[in-house]
Amino acid sequence: MKNLEDKNHFEVPWSVWDVFISLFLFGFFLLFFFCMFAVFAFFVCAPFGLNLSPFRKAILNSPLFTALLLIAQFLSLFLLSWLFGVKKYHGNLRDLGLVEFKLLRSFKNGLLFLPLIVFFGLGYIFLLADLFKVDIPEVNFLKLFGSGYQSIILSLLLVVFLAPFVEEVFFRGFVYPAFKKKYGYRWGALIAAFLFGLFHLNFWLIIPMMLIALVSIYLYEKTKSLDSSIILHMLNNLLALSFQFFYKGGL
C-alpha cells in the first residue's frame, strides 16, 4: 500500500482541469452531433415538406450508424487524452500507461481478478432484482448491431476490443493520474472510478462499474502498465457478451 500512496509514482504534467476540459469537449461533441441532426431535420427537410420520420428511424436503428457513432465516441476519447495528456505537454503515449505489453502477465492478472468482478456483479444484480424489485435496463449489443455474423463481428470489435482499450487509456491512463496527483491515491481512485461509472449512463450499474475501475487502477499501480487492466476489461466484456449470446439468445 505504501507504494500506491507514493505521489511521485505516475506523476503526470496534466491536471484535473485538463480532465474536466476533455470531458466538457466530449460532451460538446455528442451535443453537436445531435444538434446537427436536428438542424438538418428542421431547416433542410421541413421547409420542403420532406417527412424525416422514416429516414430518422432508418438511420437511428441502423447497426452501421450505431457502430460509427460508437467508433466516433471512442476515437474522440482517445484523441482528447492524447491532446491534453501527451501533445500539450510534449510527452508520449508511455505517459498514458501504454508501455511494455506483457501478454502472459496480463492474462494471469485478468483471470485472477475476473471472478471477483463477476461474482460481485451477479450478487449486486440479484440483490437489486430480487430484494428491491429493480428492473435494471440492459443494452443487448448483439441486437444493437443487427443480426448474424455482422452482429458478432461488430460486437467483438467494438465491445470486446476497442471499448476496453480506449476506456482504459482515458479513465485509467489519463483521468486517474490527474486526480491522484491532486487528491492522493485513495480519493483519486474513488473519483476516477465514479466518473467511469457515470460514463456508462446507467445509474443502477455505477457501483459494479466502480469496482471494475478500482481493480483496474490497482493493476495499473501494481504493474505500472495498462496491459493487465485492458485484458481484464476485455475479458469482462467478452463474458458479458457471451452471456447475452448463449443465455439470453442475443441473436
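Checking the conditions here, which among Ala72, Ala163 is in contact (Cβ under 8 Å) with a residue 12 or more places away in the chain and touching a His at 6+ places or on another chain (Cβ under 9 Å)? Being in contact (Cβ under 8 Å) with a residue 12 or more places away in the chain and touching a His at 6+ places or on another chain (Cβ under 9 Å) holds for just one of Ala72, Ala163, which is Ala163.
Residues that are assigned to a helix (DSSP H, G or I) and either closer than 24 Å to Leu104 by Cβ or free of Cβ contacts under 8 Å to residues at least 40 places away in the same chain (or both) within segment 199-212 comprise Phe199, Phe203, Ile206, Met209, Met210, Ile212, listed in sequence order. Scanning segment 84-98 for residues that are among the hydrophobic types (A, V, I, L, M, F, W, C) and more than 30 Å from Leu23 (Cα to Cα) turns up nothing. Within segment 123-148, being exposed (fewer than 12 other Cβ atoms within 10 Å of the Cβ), in a helix (DSSP H, G or I) and either at pLDDT below 85 or not aromatic (Phe, Trp, Tyr) (or both) holds for Gly123, Leu127, Asp130, Leu131, Gly148. Scanning segment 88-111 for residues that are of a type in the set (A, V, I, L, M, F, W, C) and surrounded by fewer than 13 Cβ atoms within 10 Å (Cβ to Cβ) yields a count of 3.
For (1) modelled with pLDDT of 90 or more; (2) hydroxyl-bearing (Ser, Thr, Tyr); (3) assigned to a helix (DSSP H, G or I); (4) under 13 Å from the mean Cα position of the chain (by Cα), each residue gets a yes or a no:
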{"site": "Gln150", "(1), (2), (3), (4)": "no, no, yes, no"}
{"site": "Ile153", "(1), (2), (3), (4)": "yes, no, yes, no"}
{"site": "Leu162", "(1), (2), (3), (4)": "yes, no, yes, yes"}
{"site": "Phe171", "(1), (2), (3), (4)": "yes, no, yes, yes"}
{"site": "Val175", "(1), (2), (3), (4)": "yes, no, yes, yes"}
{"site": "Gly197", "(1), (2), (3), (4)": "yes, no, yes, yes"}
{"site": "Tyr220", "(1), (2), (3), (4)": "yes, yes, yes, no"}
{"site": "Met234", "(1), (2), (3), (4)": "yes, no, yes, yes"}
{"site": "Phe245", "(1), (2), (3), (4)": "no, no, yes, no"}
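Candidates are the residues of segment 11-41 that are more than 22 Å from Gly188 (Cβ to Cβ) and surrounded by 15 or more Cβ atoms within 10 Å (Cβ to Cβ); the one that is modelled with the lowest pLDDT is Ala41. Note on segment 205-246: residues that are of a type in the set (Gly, Ala, Ser), crowded, with 21+ Cβ neighbours inside 10 Å and within 30 Å of Gly146 (Cα to Cα) total 2.
Has segment 99-106 got at least one residue that is modelled with pLDDT under 90, assigned to a loop (DSSP other than H, G, I, E, B), charged (D, E, K, R) and within 18 Å of Leu241 (Cα to Cα)? Looking for residues that are modelled with pLDDT under 90, assigned to a loop (DSSP other than H, G, I, E, B), charged (D, E, K, R) and within 18 Å of Leu241 (Cα to Cα), one finds none in segment 99-106, hence no. Going through (1) surrounded by 15 or more Cβ atoms within 10 Å (Cβ to Cβ); (2) without any contact (Cβ under 8 Å) to a residue 12 or more places away in the chain; (3) more than 15 Å from Val19 (Cβ to Cβ) one by one, Ile152 falls short only on (2). Identify, from the list Arg172, Arg186, the residue that is buried (at least 19 other Cβ atoms within 10 Å of the Cβ), over 29 Å from Leu64 (Cβ atoms) and among the basic types (Lys, Arg). It is Arg172.
The values are calculated or read from the model by the stated rules, or taken from the named source; none is laboratory data. Keep in mind that what you see is a predicted model, and the values were worked out from it rather than measured. Because the Cβ atoms are built from the backbone with ideal geometry, glycine has one as well, and the counts that use them run over all protein chains shown.
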